[in-house]
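In what follows, a single structure is set out as structure tokens and then discussed.
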Amino acid sequence: MKKTITTALALLFITLALPAAAKEKTKRQVPAQPEQKVVRAIRAEGPISIDALLDEPVWKGPASNGFTQSDPSDGSPSSEKTDVWVAYDDKALYVAASCHDSDPKAIISRLGRRDAEVDSDWFVFAIDPYYDRRSGYRFGINPAGSIMDEVLSNDVDDDESWDGVWEGKAHINSQGWTLEMKIPFHQLRFPKKNEYIWGVNFSRVIKRKNETAAFSWVPKNESGYVSRFARLEGISGIKPGTHLEILPYAVGQAQLRPSEQGNPFETGHKALGNLGFDLKFGLKSNLTLDATVNPDFGQVEVDPAVVNLSAYETFYEEKRPFFIEGASIFNGFGRGGMQMNFNINWPNPTFFYSRRVGRAPQGYVSQSGYAAVPDRTTILGATKVTGKLGGWNIGFISALTAAEYGEIDASGQRLREEVEPFSTLGVFRAQKDIGQGQRGFGVLATGISRDLRTDTLSGLLNKNAFSLALDGWSFLDEKRNYVIVGWFGGTRVEGSVQDILRLQNSSMHYFQRPDATHVEVDPQATSLSGWGGRLSFAKQGGNFLFTAAVGALSPGFDPNDIGFQFMSSYKINFHIIPGYSWTKPGRVFQQIVVLGGVFANYDFQGNKVWEGSLLFIDGTFRNFWRFNAMLAHNPQTVSNVLTRGGPLALIPWGWQVDFKLETDSRRPVILEGNSTVYTRPDFGQEWTVSTFLRWKPGSNLSLSAGPILSRETNPIQWVTIVHDPLMTATFGSRYVFGHIDQRMVATEVRLNWTFTPRLTLQAYLQPFLAVGRYNRFKELAKPKSLDYNVYGEGGSTIAYADGSYTIDSDGDGPAAAFSFGDPDFNVKSLRGTVVLRWEYLPGSLLYFVWTQNRADYAHPGDFRLRRDLGDLLTAPGDNIFLIKVSYRWSL
């Protein structure tokens, strides 16, 4: 281990020495960058009507033009002329553009829901009102009037969850198409000044040519986006002011599900109602307060079905508007300045995982009888403050969640049992940019406190949990091609003796491993602490690319109370990945990048628990078909998690091949194919194949669907652990595995029907079948080996009766027989959501939602497609019908 890490660090040190030499070479060989372009905003003397006709006097002056392509011919002048004007008055910023086109009839105009960057022509206006060269906003409109908006951060990152309140119109004419935008100043954040200089950029997409061109062009082999904006001058005499928005809402819900005889909680129908409100208030010109009281998120899409046979929880994306809007300040932790983010077998911790807020109750009902347990925890209220303060980027979230109770009917007697405690949580993020983002540093802190009033909950949940972490970055050259990024942080959890003992033995830590010398269980502990950190270096500009990183997570590191971490029982991780990018079109490829390198993981005992090498290719053919492929090889290593708290086990060598191909997105029909194969010769295989077809039959309608097929055979799938002091070879326990043959058939169907830019219908449907059959049960015979004792061989016996297996591992020997349940499964699920969304006034919304969920578990271990589909379609379903209305008051 020491030799490998020393070699990796030596290579990293040598690479870190490159920027100085590269900088000298750049001075000698590369011509100076063109002077920053300037756009002048004109004060409007009269009203501007947002109709895209461009007939106001303010649009008759000199225009900004001279766009440069990034695609398909990087650095060439745009094939079509674009004229842009910027104006303003006391209340708003206005943008007008005339997108000339030599063939107006060929303009691709498609309706799409908000923030859906449909395959059409587009015009995008980007603004950096802080002029910090790292952050800003982007507003887009297409010829059909569909709009998109995003928040920009970290120079190159964007977040489309933000929905500003602004106006935009577009109009196709005989010369091309024209547009106008009106963006109120209260939708932007900027400090008050007498005169303003902002960053600005314009870009245009001509879809039929697959052409993207920008006013302020960034070559493909260089880095940066916001930092390369032009300068907007001429704005003066305006006030950002304060702004207050209140959005009260009302929701009605009908739940229809099969009734259950004798169960008073499942009568077949239930009606619910709810009230609440959201608030947005400009605390200062550059700080915004968002608050929500008793929020309801019934309009969000359901999570997809999965079968998880691992010891770790499934990560689901956040879909609730309050938590995703403005989340970039939190999500960007540890990534400042870095565009080439590689996490090769590195479980990058998320210190704030907003799905923890309002999650399903973690407790259970212990008393017998019929029970009703809430499916989520009520969020009593939450607040969020984001913006800039004293030169710092600030983000703060606090939330209160209610205690939840399961209701029990015990032969007519009604009881209540607490299943989730009242909790308070907070997240604070601050980041300081230095030298217009040339370098910077930040801090992130999280905390949660639970009011644990029952022994059951005290044994299941941590009472308090905290984390504190620092991050920073520095570009090593003026062009920002070289960057070094790092973070370091710690976590601490506190709870009862029973709770911390549970945590030490959990899959996050496995302190009970009998052959571990670097950790041990403390049966009297009431707290657990740990640390983690990572240092990354990248050359992300030019044709030659390079990235290297080294990171570590201590065994006690655990951010899971308010964050997400799927594994912490190791790690020391590193990777070294060089590559090369061809950005100029050739005979075969429009562009292509090739990357390859090595990676490895160690635990704190020095065991190599994963390593490998890979080759990755991503490119676009001249016909604009896109592809990527990966080939990876993993030598034989040991695993400290396979036995789930037991001794080390050997993992055979294997190789992986991935391939993805997507046809030209300009066409009415787009086909995408994906395949993955992972093989351990003579020791199992898994593969997944999926095909998606996206059909655009009209300018306002798209439909996508396709099958997903997978199969896995694995001879060492975990089953259970049985304690037996006679099994001395594996430290007094039997670690039981089985050979699994798992098959999965699924599809995802999506319909997007846009009637107007403000009235849309979306539908999502996921049929899902997963069947697993186990046989050849066995136990680990010796640590750090591939030796297993197969039950039913060598004098051992195995018998099956009444849904369980009985094992006698030594026949007539002294070892006691033991049993475990049949692990075979047959999971059938049908989940779907239909959402009609109408923005009847700017910022005011009406939703109609239908959600259905069907499930069936018959015939475990037996896969028959026709029968299983029939079982699924005839299974009783849960139906939820919801109507939600909100109204925006702007004060």
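The values are calculated or read from the model by the stated rules, or taken from the named source; none is laboratory data. Here the structure is a predicted model, which is why all the values come from computation and not from measurement. Don't worry about glycine lacking a Cβ; one is built from the backbone with ideal geometry, like all the others, and counts go over all protein chains shown. Note: areas computed on protein heavy atoms with side chains; ligands, DNA, RNA excluded. Shrake-Rupley method; radii C 1.70, N 1.55, O 1.52, S 1.80 Å.
Observations, loosely collected:
- Estimated purely from DSSP H runs of n ≥ 4, each contributing -39500 (n - 2.57), the mean residue ellipticity at 222 nm for the chain is -2000 deg cm²/dmol once divided by its residues.
- Over segment 655-733, the reciprocal of the mean inverse Cα-Cα separation, the Kirkwood hydrodynamic radius, stands at 16.4 Å.
- Rg [Å, one decimal], Dmax [Å, integer] - segment 235-297, C-alpha atoms: 21.1, 73
- Fraction of the pair-distance distribution of segment 408-531 above 20 Å, Cα-Cα pairs, percent: 62 percent
- Computed over the chain, the ratio Rg/Rh where both radii use C-alpha atoms and Rh is Kirkwood: 0.97
- Segment 619-708 - charge dipole about Cα centre, Lys and Arg +1 at Cβ, Asp and Glu -1, debye rounded to 20: 360 debye
- Using a probe radius of 1.4 angstrom, the carbon and sulfur fraction of the accessible surface of the chain is 56%.
- Cβ crowding within 10 Å averaged over residues, with 90-100, 121-131 ranked highest first: 121-131, 90-100
- In a reduced charge model with +1 at each Lys and Arg Cβ and -1 at each Asp and Glu Cβ, segment 35-175 shows a dipole moment near 420 debye about its Cα centre.
- The string of couplings for segment 723-728 from the Karplus curve (6.51, -1.76, 1.60, θ = phi - 60°) is 7, 8, x, 6, 8, 6 Hz, one whole number per residue in order, with x for Gly and Pro.
- Ligands, DNA and RNA are left out, and with a 1.4 angstrom probe the accessible area of segment 309-457 is 43 Å² per residue.
- With the highest mean first, a sort of the peptides 641-649, 427-435, 790-798 on other beta-carbon atoms found within 10 angstrom per residue produces 641-649, 427-435, 790-798.
- Phi-based couplings in Hz for segment 546-561 (Karplus 6.51, -1.76, 1.60; Gly and Pro marked x): 7, 9, 9, 8, 9, x, 8, 10, 6, x, x, 5, 7, x, 6, 5
- Around the amide H of Asp115, modelled in the peptide plane, lie the amide H atoms of Ile147, Met148, Asp149, all under 5 Å away and 5 or more residues distant in sequence or on another chain.
- Look at the dipole of segment 364-434 built from charges on Cβ: of Ala430, Ala371, Gly391, the Cα furthest out on the positive end belongs to Gly391.
- Cα-based Rg of segment 65-168 normalised by 2.2 N^0.38 Å, two decimals: 1.14
- Under the span-like rule (Cα at least 20 Å along the axis, Kyte-Doolittle mean at least 0.0), DSSP H helices of the chain: 2-16
- Hull volume in cubic angstrom per residue (convex hull over the Cα atoms of segment 787-848): 200 Å³
- Semi-axes of the equivalent ellipsoid for segment 599-706, computed as √(5λ) from the eigenvalues of its C-alpha gyration tensor and ordered from largest down, come to 39, 15, 12 Å.
- Sorted on the mean count of surrounding Cβ atoms within 10 Å across their residues, most packed first, peptides 578-589, 354-365, 196-207 read 196-207, 354-365, 578-589.
- Orientation-averaged projected area, Cα convex hull of segment 749-836 (nm²): 10.3 nm²
- With the charge dipole of the chain set up from +1 on Lys and Arg Cβ and -1 on Asp and Glu Cβ about the Cα centre, the Cα lying farthest toward the positive end among the listed residues Asn343, Pro143, Tyr805 is that of Pro143.
- Top positive-direction residue, dipole computed over segment 751-891 with Cβ charges, set Leu780, Pro860, Leu846: Leu846
- Amide H partners (placed H, <5 Å) of His243, local residues excluded: Gly282
- 10 Å beta-carbon shell around Asp603, net charge (K/R +1, D/E -1): +3
- Computed Rg/Rh of segment 131-187, alpha carbon atoms with Kirkwood Rh: 1.05
- Rg to Rh quotient for segment 316-407, alpha carbon positions, Kirkwood Rh: 1.09
- Cleavage-rule hits (GluC sites (Glu not before Pro)) in segment 648-753: DSSP loop, at most 13 neighbouring Cβ within 10 angstrom: none
- Within the shell of other residues whose beta carbon sits under 13 angstrom from the beta carbon of Glu418, the net charge comes to -3, with Lys and Arg scored +1 and Asp and Glu -1.
- Dipole magnitude for the chain: about 2460 debye, using +1 per Lys or Arg Cβ and -1 per Asp or Glu Cβ, origin at the Cα centre.
- Qualifying chymotrypsin sites (Phe, Trp or Tyr not before Pro) in segment 456-499, where qualification requires a DSSP coil assignment and no more than 14 other C-beta atoms within 10 Å, are lacking entirely.
- Environment charge of Thr491, counting only residues whose C-beta is closer than 12 Å and scoring Lys/Arg +1, Asp/Glu -1: -2
- Couplings for segment 710-719, taken from phi via the Karplus curve 6.51 cos²θ - 1.76 cosθ + 1.60 with θ = phi - 60°, read 8, 8, 9, 10, 9, x, 10, 8, 4, 10 Hz in order; Gly and Pro are left as x.
- Cut-off under 5 Å, modelled amide H: who pairs with Leu380 long-range: Leu400, Thr401, Ala402
- Coarse-grained scattering of segment 147-218 at q = 0.21, 0.23, 0.28 Å⁻¹, given as base-10 log I(q)/I(0) from a Debye sum over alpha-carbon atoms: -1.36, -1.47, -1.44
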